[in-house]
Structures are given as structure tokens and as C-alpha cells.
Amino acid sequence: MARTTPSQLEAIRLAKSYRKGPVTIPVLQAVSLSICRGEFLAIVGQSGSGKSTLLHLLGTLDAPDCGEIRFRGHRIDRLPAAERDVLRNRHFGMIFQFYHLLPELNTLENVLTPLLIRHSVWGYLRRRRAYRATAVQLLEKVGLAHRLKHKPRELSGGEMQRAAIARALVAGPEILLADEPTGNLDQATGQEILEILGSLNQQQNLTIVMVTHDPAIAARAHRVVRLVDGRVENV
Ligand code: ADP
Ligand code: MG
């Protein structure tokens, strides 16, 4: 395992349920989880067990009903929305099963969106040359430098996920949160994406939290936890 320090990201007794009309659906009961810097953690569990819910809470895309989330020891789950946006933009990268690329932007533009969001127009334009160089470098690293001008509809699933990985990394995050990143890819392409994630973890000490329902995919991680009945079990 790469170098670690205690608890870069921590969930403390998280509970979350969804309300659907008069019905309450309990999803997470008391989830506690401590993730170290440089760790590659897989979260497994059956479909509907709350994996995406947990990942969204860890990434402050949604708030728990109770419990806490701490990043580098500081509580982040009760921050105002604007501060959570900044936190995500600066420290967290996210990738999803269906890539979530913007269809009207080409590969390079999609990768640059986190940096566009971070700055005013002028602030971005001043740094544009350096940012484009960073984005192209990342696209080279994920093996997509030959598709800079392609729109998402002109890319394969594996290529779209490579673009999404480059986008997640362009702002220099410390943690990558990945929700079923290989879930929509054939096995060989999924393995290639996992190789990229594994080498980012090893070479850059990037912390990775990866959700998957597939134990074979999870085996690539250093540590696997399973969500069962709203709680986390070590595997
Ligand atoms: P997983 O990612 O493990 O498949 P999810 O976290 O997506 O599970 O969902 C857990 C449970 O919560 C499921 O039963 C799902 O139907 C329900 N759920 C998820 N999101 C919502 C929502 N926004 N509103 C109501 N129920 C939801
Ligand atoms: Mg899910």
C-alpha cells in the first residue's frame, strides 16, 4: 500500500433514509468508515444496498440525516452549499458509471470544465494555456490524447470513462470517488480502467474510494468493505 496517514476522510455513524410520499426508506443505519491518505478502498454490496448513497454523502453531494463526515479532521457535512462546491472542486474528483460528460463539449473541453467552474472568465482565460497543457497531459496519461476534439457521442464507453477520469483529476484532487466506474464497460475495457485507477493510486498516492457490485472488480483495491442492512462490514 502507498504511504498513509490516519483518516483523510471519515464517516461517523451516518444515517440516511429517503422519503417517498408517506413512505420512509431507510438506507444507511450507522455507517462508520475511516479512509486513509493513499488508500484504495472498494465498497461492495448488492444493488440497492446504499453504495451510491454513501458515496454521495462522502462527496457532500447530499447530506446525512445524522452522523458526521470529516475531511482531514474537519467536519464537512454541514457546510453551506457554496463551501461544499469549493471543497469538491478543489479536493474531490468524481467519476460515475454513465460518465456524465457534457454532450455538446468535446473531450478537451469536458476535461477543462472543473477549472472553468473554479474561475471567473478572465481568471480562466489568463491561465488557459497552462490548463490546456495539464488537460492534454492527463488525456495522454489515460490514453486519449488522440481524441481531443471528439464529442462524447463519437467516443466508445471506455473512451468516455477515460475522459471522465481526466476531468476528475484536472483540478488536482486528493481523493477520487468512483461510482461503478467499470459498470457499463466490457470486461477487458473495465480492466484497463482499473489499471489506470491502480496506477494513479500507486504513482500519485491518490486516495480512491470505488463503489462496485462486482467482487472481481473490488479485488483490485487494498481493502474491501461491504454494505449490508445499512451497515458496513469488513470483508
Ligand atoms: P446502490 O448504489 O447500492 O444500488 P442506492 O444508494 O442507489 O443503492 O439506493 C439505495 C436505496 O435507496 C434503494 O432502495 C433506492 O431505491 C433508494 N433511493 C436512492 N435514491 C433515492 C431517492 N432520491 N429517493 C428515494 N429513494 C431513493
Ligand atoms: Mg449505485
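Data overview
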{"quantity": "Residue selected from segment 16-32 under the condition touching a residue at least 60 places away in the same chain (Cβ under 8 Å) and open to solvent by 10 Å² or more (accessible area, probe 1.4 Å), by the criterion nearest to ligand 1 (Cβ to nearest atom)", "calculated": "Val27"}
{"quantity": "Pairs, first at positive phi in segment 172-185, second open to solvent by 20 Å² or more (accessible area, probe 1.4 Å), C-beta under 6 Å, six or more apart", "calculated": "Glu180/Gln97"}
{"quantity": "When residues of segment 39-69 are limited to those that are in contact with a helix residue (DSSP H, G or I) (Cβ under 9 Å, 6 or more places away or on another chain) and without any contact (Cβ under 8 Å) to a residue 60 or more places away in the chain, the one farthest from Thr182 (Cα to Cα)", "calculated": "Gly67"}
{"quantity": "Hits in segment 217-232 (condition: assigned to a strand (DSSP E or B), of a type in the set (A, V, I, L, M) and within 17 Å of the chain's Cα centre (by Cα))", "calculated": "Val224, Val225"}
{"quantity": "Qualifying residue in segment 158-169 (condition: open to solvent by 60 Å² or more (accessible area, probe 1.4 Å), touching an Asp or Glu at 6+ places or on another chain (Cβ under 7 Å) and over 26 Å from Val86 (Cβ atoms))", "calculated": "no"}
{"quantity": "In segment 186-235, the residues that are without any contact (Cβ under 8 Å) to a residue 40 or more places away in the chain, open to solvent by less than 80 Å² (accessible area, probe 1.4 Å) and among the polar types (S, T, N, Q)", "calculated": "Thr189, Gln191, Ser199"}
{"quantity": "Selected residue (criterion: nearest to the chain's Cα centre (by Cα)) from residues of segment 31-50 that are within 13 Å of Arg231 (Cβ to Cβ) and within 16 Å of ligand 2 (Cβ to nearest atom)", "calculated": "Ile43"}
{"quantity": "Members of segment 74-122 found to be open to solvent by less than 20 Å² (accessible area, probe 1.4 Å), assigned to a loop (DSSP other than H, G, I, E, B) and within 18 Å of Leu144 (Cα to Cα), listed by number", "calculated": "Tyr99, Asn106"}
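The values are calculated or read from the model by the stated rules, or taken from the named source; none is laboratory data. Keep in mind it's a predicted model, so treat the numbers as computed, not measured. Cβ: placed from backbone, ideal geometry, glycine included. Neighbour counts: every protein chain shown. In case anyone asks, the SASA skips ligands and DNA or RNA and just uses the protein heavy atoms, side chains included. Shrake-Rupley method; radii C 1.70, N 1.55, O 1.52, S 1.80 Å.
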